[in-house]
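See structure below.
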Amino acid sequence: MRNRTFADLDRVVALGGGHGLGRVMSSLSSLGSRLTGIVTTTDNGGSTGRIRRSEGGIAWGRYAQLP
């Protein structure tokens, strides 16, 4: 089995979230359009919950879902 390089790959998909995915995507940016990132997101209510309690209203992420 020979060693493969990024040049041998048709496409690369990176899965993740947070700072780690950003660092991986940045490191692989030379792949250009052959690189795809799938970002997983969750919100445990941490900072958004504090903002909602202090300022009132809905969570910031919910504004994108408004008609």
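Stretching the chain fully between Leu9 and Thr36 yields a gain of 8.4 nm (0.36 nm per residue, less the alpha carbon separation).
Report the FRET efficiency, 1/(1 + (r/R0)^6), for Arg52 and Arg23, where r is their Cβ-Cβ distance and R0 is 25 Å, rounded to 0.05. Mind dumping the intermediate values first?
Details: r = 30 Å, r/R0 = 1.20.
The calculated FRET efficiency here is 0.25.
Coordinate-derived values only; no laboratory data. Model, not experiment: these values are computed from the prediction. Positions of Cβ are backbone-derived with ideal geometry, glycine not excepted, and every protein chain shown enters the neighbour counts.
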